[in-house]
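Take a look at the structure set out below.
The values are calculated or read from the model by the stated rules, or taken from the named source; none is laboratory data. Predicted, not measured: the structure shown is a model, and the values here were computed from it. Glycine also receives a Cβ, built like all others from the backbone with ideal geometry; neighbour counts cover every protein chain displayed. We work out accessible area using only protein heavy atoms, side chains counted, and drop any ligands, DNA or RNA first. Shrake-Rupley method; radii C 1.70, N 1.55, O 1.52, S 1.80 Å.
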Amino acid sequence: MTRVIWCTPSRRDEAELISSVAAAGCTVVRRCLEAADLLAAAELEPQAAIVVDVAVPRLGADIVASIDRAGSGRIIAVIDDEAGMARAQAWGVDQVIDMRSGDARDQLVTALTSASAPVSATSTTQVNMRSEGGAPANDSKAARAGVRGRIVVVTGPPGAPGRTTVALGLAEAWAQAGERVCLIDADTIAPSLAATVGITEDVSGLLLAARYADQGALDARSLGSSCRKLTERLWVLTGIGSPDRWNTARASALDRIWAACAQHFDQVVVDAGTLLDTPAVDDPFATGQERDTATVSALRASDLTVVVTRPEPVAILRLIHQLPAITKSIDSSTIRVLVNRASKADKSAAKRVADALLDAGMPLPVEQLREDSGVQACVRKGALLSEVSATMRLRRSFTRLARDLTR
């Protein structure tokens, strides 16, 4: 029996086609409406055959490649014109059926029934390689010790203090120290992590994981398929690049994502956005979903919160203004303040910020990082800090900071 994932939402003959393949002994296990749904279904049913209309919104070569990487079964594209044929061929689809042909329905049935052969030893090996290379199996130090990993949230006031750089630097430092680390872009206001590390494909790992969480299917395998592996011990869950999709990741799904990551990693580093000062509105139609919902959810789950600021007076004022909201959002997290991008000559930036916080009635430990031009080289190249020699001094600073934050 062939299991089939079906994605032809705009076809008028969809019901008739499904009836034909069902009569031939095939089972349609999922019907999808758009490309992200198709990708999620393919990850959940890695050996199912896929029938897809090339006109599906947002379907492209990146989605097809992602499905192939997941080890899914044969992709069968249905087309109605020459433009559709060209798209399917450009995307590298396994098989194309021209629905203008008089025996197109029979061809589709034949293609599906011939795709029902048992999985070969080679195919099984490929799936296992995917699980070992991409999915974070339960072999982290935390899992072996029977405890959950630690959730570290990097946030801060507006003004580009360098939250993403700090999150990346800490994640790399812990990974190089032998920890299994998941780095998550949860900034739904100005996500930049994917571009910083050179990931350009238009598939949000966070949204894919949220879809699994909504379906109750977020486990080691599905979490691994949502992540991208950057180094031997560092994975990344990319953010929501399209600004019109931030509200598709609901708080309930995000809460489950943090918990699942803590189950499979030693350190979960969340690159969170800034908290927004949005007044409550008495609106019976309000959904309760705010633009900073991901940040609030991450703070609520955090074990350690690193608040990043710059040393300028305006940045310090913004920090003092936002810290009460951060403190209110967390449950039992430890807060550390990090003064980032301090000039080489400014030796007292950390003390200046600590004194200002003390005067404001918020005594907190404060660390300091110097400005480093090597970060710009990383951004230009889309590289990790460890891949650019000019960041050697900064990496040593992050190593010391990560060690201090682990105590």
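Details
- Test for Thr305: is it surrounded by fewer than 19 Cβ atoms within 10 Å (Cβ to Cβ), out of contact with any Gly (no Cβ under 6 Å at 6 or more places or on another chain), under 20 Å from Asp404 (Cβ atoms) and touching a residue at least 24 places away in the same chain (Cβ under 8 Å): no
- Sole residue being open to solvent by 10 Å² or more (accessible area, probe 1.4 Å), touching a residue at least 12 places away in the same chain (Cβ under 8 Å), touching a helix residue (DSSP H, G or I) at 6+ places or on another chain (Cβ under 7 Å) and not aromatic (Phe, Trp, Tyr), chosen from Arg228, Arg163: Arg228
- For segment 146-157, the criterion of being in contact with a helix residue (DSSP H, G or I) (Cβ under 6 Å, 6 or more places away or on another chain) and on the phi > 0 side of the Ramachandran plot is met by at least one residue.
- Criterion (open to solvent by 30 Å² or more (accessible area, probe 1.4 Å), among the small types (Gly, Ala, Ser), in contact with a Ser or Thr (Cβ under 8 Å, 6 or more places away or on another chain) and within 30 Å of Arg228 (Cβ to Cβ)) met by exactly one of Ser333, Ser386: Ser386
- Check on Arg396, open to solvent by 80 Å² or more (accessible area, probe 1.4 Å) and either outside any helix (DSSP H, G or I) or of a type in the set (D, E, K, R) (or both): yes
- The lone exception for Asp372 - which of (1) open to solvent by 60 Å² or more (accessible area, probe 1.4 Å); (2) modelled with pLDDT under 95 it fails: (1)
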